[in-house]
Amino acid sequence: VFTLVAREKALAAFDPFDIFARSLMKPDRPLGKPADLQSVTLRLTFDGPVPAIPEDDRQKVVSRDGHELTLVMARVAAKPGVKRPVGAPEMKRFLAPTAYEQADAPEIRARAKELAWATDDALEAAVEITRWAHTRLRAGMGQGYLSAVEALKAGEGDCTEFSVLASAVAKAAGLPTRLVTGVVYVDGKFGFHEWLEVWVGYWHPLDPTLNETDLNPTHIKLWTGIGEPGELRDAAVAVLNLFKGVKI
């Protein structure tokens, strides 16, 4: 859709409020305040096949039984990291500008220089950029999926705009990034969400929308990748597969 027709036409059929309203799941009991949680165990029951769920240091699949899957989510403390800029050859893909993360744009590079000049510690720089993105944009769903440059100009967006903006500035500061799509628990329900991970010697998760640099354990990761249209399509499919007749 995003590559075969004009962007305005591709977005015209979408009502973001309707999409978000339909992608909310209320668990069988409240989880309390996510900011206070160190870990949480979630049982997901599906009407059909259990979709693939990625695992990492903070998200583990501990059992699968028929149409059920049990996840243990834990808060992971920051670790000693690396210096920026990161020049490891295997990180080249995660440093390159993309269609939505224009790390080579002058206005993005200017923000990176301004925010990261005082430190060569990769994690410190990533945290500074995350906090800046949180204050730079007003939260709202009045925009379509904007690129980093568009979001910077508009000054408004939802979690996707917060994430691509922080990601682009981080790349420009020499920090490899990847976008993360999944769900998070807010106001009693799990809903669609996007955040990012920055390579600081390991993939450290950051949430500029919620202003979290120590990610709360209700974030369920479903996809990671970069801001190219084809990859973002895969992210959308991953979320749709989760919302297909699931109970938490």
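Over the chain, accessible surface divided per residue gives 49 Å², non-protein components excluded, 1.4 Å probe. Simple spin-label estimate for Thr135 and Thr70 gives 4.4 nm between the two label positions (7 Å along the Cα-to-Cβ direction from each Cα). Its DSSP H runs of at least 4 residues, each contributing -39,500 (n - 2.57), put the calculated 222 nm mean residue ellipticity of the chain at -9500 deg cm²/dmol, to the nearest 500. Lys and Arg at +1, Asp and Glu at -1: add these up for the other residues within a Cβ distance under 10 Å of Ala116 and post the number. Value of the local net charge: -2. Pairs of lysine residues in the chain that meet both criteria, 8 or more places apart or on different chains and Cα atoms under 15 Å apart, total 9. Using C-alpha pairs below 8 Å separated by at least 6 residues, the relative contact order for the chain is 25 percent.
For segment 64-79, the Karplus equation 6.51 cos²θ - 1.76 cosθ + 1.60, evaluated at θ = phi - 60°, returns couplings of 10, 8, x, 9, 10, 9, 10, 10, 10, 10, 9, 6, 10, 6, 5, 10 Hz by residue, with Gly and Pro reported as x. The H on the amide N of Trp223, modeled in the peptide plane, is under 5 Å from the matching H of Thr181, each at least 5 residues off or on a different chain.
Sequence-distant contacts, meaning Cα pairs under 8 Å at least 6 residues apart, place the relative contact order of segment 79-132 at 46 percent. Rounded to the nearest Å, what's the spacing between the alpha carbon centres of segment 101-140 and segment 66-91? Just the number, please. With segment 101-140 and segment 66-91 each reduced to a Cα centre, they are spaced 20 Å.
The values are calculated or read from the model by the stated rules, or taken from the named source; none is laboratory data. Keep in mind that this is a model prediction, so the values were computed, not measured. Note that each Cβ is placed from the backbone with ideal geometry, even for glycine, and that neighbours are counted across all protein chains shown. Accessible surface is based on the protein model in full, side chains and every heavy atom, while ligands, DNA and RNA are left aside. Shrake-Rupley method; radii C 1.70, N 1.55, O 1.52, S 1.80 Å.
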